[in-house]
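K.L.:
What follows is a single structure, and I will ask about it in a moment.
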Amino acid sequence: MTNFDITNKSSFLNMEVTEALRTVIDPELHINIIDLGLVYDVSVNDSEKQIVVVMTLSSKYCPMGDAILNSVKNCLEHNFPAFSAEVKLTWEPEWSYDNITEEGLRQLKGY
């Protein structure tokens, strides 16, 4: 997800999608899903007008899982209305606290 090719329009779209997903907040931890490391891949196909997000949840038993997935789908549909949006849930690799970004860790610690 961190590869960026300045000559490729899809790279800019991927970055825009990733930034939009920062508005999706985990309702239990109050940190966005990007900084939590829940999003594993963002794929934008500009010619087919399709966005696919591959993500996980912090636990298979996450009580807010459906709400988070719905929020992701709603975020994509709202911010990119010309695109179809698909959210794929995966459990591989399993999420861990090691996935959290530096910013996410600061937020968890209350800084």
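Since every read-out is calculated from the coordinates, none of them should be taken as a lab result. This structure is a prediction, so every number in the text was calculated from the model and none was measured. Cβ coordinates were reconstructed from backbone atoms using ideal geometry, including for glycine residues, and neighbour counts include every protein chain displayed.
K.L.:
Take the Cβ-Cβ distance between Lys109 and Ile25 as r, set R0 to 22 Å, and report the resulting FRET efficiency rounded to the nearest 0.05.
P.N.:
Numbers: r = 17 Å, r/R0 = 0.77.
Computed FRET efficiency for Lys109 and Ile25: 0.85.
K.L.:
Given Lys73/Lys109; Lys49/Lys88; Lys49/Lys73, which pairs have Cα atoms separated by over 19 Å? Intermediate values should be presented prior to the final figure.
P.N.:
Working: Lys73/Lys109 29 Å; Lys49/Lys88 17 Å; Lys49/Lys73 15 Å.
Among Lys73/Lys109; Lys49/Lys88; Lys49/Lys73, the Cα-Cα distance tops 19 Å for Lys73/Lys109.
K.L.:
Oh, and also: Report the charge-dipole magnitude of the chain in Debye, nearest 20, computed about the Cα centre from +1 at each Lys and Arg Cβ and -1 at each Asp and Glu Cβ.
P.N.:
Numbers: 8 positive and 17 negative charges, 32 e Å.
Charge dipole, the chain, about its Cα centre: 160 debye, nearest 20.
K.L.:
For segment 84-90, what does the Karplus curve 6.51 cos²θ - 1.76 cosθ + 1.60, with θ = phi - 60°, yield as ³J(HN,Hα) per residue in whole Hz, taken in order and with x for Gly and Pro?
P.N.:
Using θ = phi - 60°, the values come out as 7, 10, 10, 10, 10, 8, 9 Hz.
K.L.:
Under a point spin-label approximation (7 Å from Cα along Cα-to-Cβ), what is the Lys88-Thr101 distance to one decimal in nm?
P.N.:
Taking the two extended label points, one gets 2.3 nm.
K.L.:
Could you work out the local net charge near Ser84, counting Lys and Arg as +1, Asp and Glu as -1, over the other residues with Cβ closer than 11 Å to its Cβ? Display every interim value, and only then the final one.
P.N.:
Numbers: positive: Lys49, Lys73; negative: Glu48, Glu77, Glu86.
Every neighbour counted, the sum reads -1.
K.L.:
Modelled label-to-label distance, Gln50 and Glu77, 7 Å Cα→beta-carbon offset: nm?
P.N.:
The modelled label-to-label distance comes out at 1.8 nm.
K.L.:
When the chain is fully extended, how far beyond the present Cα-Cα distance does Thr18 get from Ala67, taking 0.36 nm per residue of separation?
P.N.:
Length difference between fully extended and current span is 15.8 nm.
K.L.:
Ok, one more. If we sort 76-83, 35-42 on the protection proxy, mean other Cβ atoms within 10 Å, highest first, what's the order?
P.N.:
Working: 76-83: 14.2, 35-42: 20.4.
Most protected by this proxy first, the peptides run 35-42, 76-83.
K.L.:
Using Cα pairs under 8 angstrom and six or more residues apart, how large is the relative contact order of the chain, in percent?
P.N.:
Reported relative contact order: 28 percent.
K.L.:
Now for a different question. Report the semi-axes of the equivalent ellipsoid for the chain in whole Å, largest first, where each axis is √(5λ) for an eigenvalue λ of the Cα gyration tensor. Could the numbers behind the result be given before it?
P.N.:
Numbers: eigenvalues 109, 51, 32 Å².
Largest first, the chain gives 23, 16, 13 Å.
K.L.:
Separate question: Would you please give the residues with an amide H less than 5 Å from that of Ser84, counting only those at least 5 places away or on a separate chain, with H modeled from the backbone geometry?
P.N.:
Under 5 Å from the amide H of Ser84 lie the amide H atoms of Gln50, Ile51, each far enough along the sequence or on another chain.
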